[in-house]
1. When you scan segment 5-96 for helices (runs of 4 or more DSSP H) that lie fully inside it, which ones turn up with 3 or more residues that are touching a residue at least 60 places away in the same chain (Cβ under 8 Å)?
2. Within segment 26-38, can you find the residues that are over 28 Å from GLU64 (Cβ atoms) and loosely packed, with under 14 Cβ neighbours inside 10 Å?
3. Give segment 32-53 a look and list any residue that's in contact with a strand residue (DSSP E or B) (Cβ under 6 Å, 6 or more places away or on another chain) and among the basic types (Lys, Arg), or say none.
4. Within segment 39-94, which residues are of a type in the set (A, V, I, L, M, F, W, C) and surrounded by fewer than 12 Cβ atoms within 10 Å (Cβ to Cβ)?
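Any read-out appearing in this document is the output of simple, stated calculations on the displayed coordinates, not a laboratory observation. Worth saying up front: this structure is predicted, and the values here are computed from it rather than measured. Here the Cβ positions follow ideal geometry from the backbone for every residue, glycine too, while neighbour counts run over all protein chains shown.
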Amino acid sequence: FQRLFAQLGIATVHALPARRADAMPPVGPNTRFLLAQPFLGETARALEDRGAVRLDALFPFGAEGTTDWLHAAAQAFGVDEMHFRAVIAPGRERAK
């Protein structure tokens, strides 16, 4: 997903958990987050308690879920719709 976010022009992307405990990303009111699996309710609440805002999206399961998940990020970061479609097109084609 990091590669796709970079292609979309979303430069600052972090994933939890961090690879190292001392490398945790900053979280606050300017943080937007997506959940990648349905078992992260407690994590979502902890992020929201720190001011982060959850982006509403399907989970990235299958072509439709992944497209919706990436689209939520693209919309939140003002990515042009045509650019979004061009970036995800190869993956959607492979998923057929």
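1. 62-76, 81-95
2. PRO26, GLY28, PRO29, ASN30
3. ARG32, the sole residue that qualifies.
4. Within segment 39-94, PHE39, MET82, ALA89 qualify.
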